[in-house]
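Presented below is the structure to which this report refers.
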């Protein structure tokens with residue numbers, strides 16, 4: 001049991017560092033590593049409090065939120081509806097980690113290839129809800145919130161700090177929607193809630209370390225770190241689910 005606790009704490013410390021440095025990756029890294037020792041539903045239940053707290057910190061430590069919320073509210077609505085609609089997928093998911101891993105590997109390789117995308121402003125009213133709904137379905141199937149939310153947000157051509165804040169907002173909404181799904185399926189029990197609250201401590205410590213590292217990164221280095229993180233996590237998920 002003690003070894004189990006040390007492993008969980010180490011996972012959340014590492015996941016927090018990745019998130020602090022790149023603005024994302026806590027649920028992805030944590031789900032991939034926790035999936036080696038527990039069922040996906042148990043891992044997702046552990047994620048709720050650390051993910052909510054670190055993402056809330058990420059959102060509130062940036063610029064004024066309201067203008068960003070106005071721009072992304074269609075996406076946030078889509079995330080909620082997609083997650084709730086796909087609520088049974090996390091219970092039934094088989095091979096979900098491999099699917100997510102392959103998608104992350106592909107996206108990481110494309111990003112490292114230096115090709116960039118841009119979403120025209122006139123497309124945002126209809127594309128944002130679609131990107132949100134697809135992200136919600138992926139959240140319900142795998143317990144992580146990366147795709148296609150991150151590619152969409154990057155295509156908006158936000159600067160580094162805006163991108164980090166926008167990802168934090170997207171992940172916060174995804175976490176809340178996932179928590180509702182878990183509670184509806186009786187996966188948010190007192191024991192899971194207590195363990196999730198404890199897991200926030202190493203996650204916050206890792207977040208602070210990662211933020212200090214991010215402050216020293218140039219934009220191009222930051223971008224490469226983001227895609228390398230996605231690629232490595234994707235490879236891990238593919239191998240772990242093989």
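Does the range 2-240 classify as rounded, prolate or oblate by the C-alpha gyration tensor (a ≥ b ≥ c root eigenvalues; a/c under 1.5 gives rounded; else a/b over b/c gives prolate, otherwise oblate)? Working shown, then result.
On the way: a/c = 1.42, a/b = 1.23, b/c = 1.16.
Rounded, because the longest to shortest axis ratio a/c is under 1.5.
Let me check against my output: what whole-number percent is the relative contact order of the chain, with C-alpha pairs under 8 Å and at least 6 apart?
Working: 391 pairs, mean separation 101.5, N = 242.
Reported as a whole number, the value is 42 percent.
Rounded to the nearest 0.05, what FRET efficiency do residue 77 and residue 9 give with R0 = 51 Å and r taken as the Cβ-Cβ distance? Could you check? Mind showing how you got there, number by number?
Numbers: r = 35 Å, r/R0 = 0.70.
Efficiency computed from Cβ-Cβ geometry: 0.90.
Given R₀ = 30 Å, FRET efficiency for residue 201-residue 180 by Cβ-Cβ distance, to 0.05? Please report the intermediate quantities before stating the final value.
Details: r = 25 Å, r/R0 = 0.82.
Calculated value: 0.75.
Sorted from fewest to most neighbouring beta carbons within 10 Å, what does the list 122, 63 look like? Could you put the intermediate results ahead of the total?
Values: 122 8, 63 11.
Ranking 122, 63 by Cβ neighbours within 10 Å, fewest first, gives 122, 63.
Given springs between every Cα pair under 10 Å in a Gaussian network model of the chain, which of 69, 123, 57 has the largest fluctuation?
123
Using a Gaussian network for the chain with springs between C-alpha atoms less than 10 Å apart, which of these wobbles most: 33, 207, 158?
Maximum among the listed residues: 158.
According to a simple spin-label model (label point 7 Å from Cα along Cα-to-Cβ), what is the distance in nm between residue 65 and residue 84?
Taking the simple label geometry, residue 84 and residue 65 are separated by 2.0 nm.
Looking at the chain as a GNM with Cα springs under 10 Å, which of 108, 194, 78 has the largest mean-square fluctuation?
The residue that fluctuates most here is 194.
Nearest 500 deg cm²/dmol is fine: what mean residue ellipticity at 222 nm does the chain get from its DSSP H runs of n ≥ 4 alone, each adding -39,500 (n - 2.57), divided by its residue count? List each step's numbers first, then the result.
Values: 11 runs with 190 residues, N = 242.
The helix-only estimate for the chain comes to -26500 deg cm²/dmol at 222 nm.
Readers should treat all values here as calculations from the given coordinates under stated rules, not as data from a laboratory. The structure displayed is predicted, hence computed values, not measured ones. Counting neighbours? That spans all protein chains shown, and the Cβs are built from the backbone with ideal geometry, glycine included.
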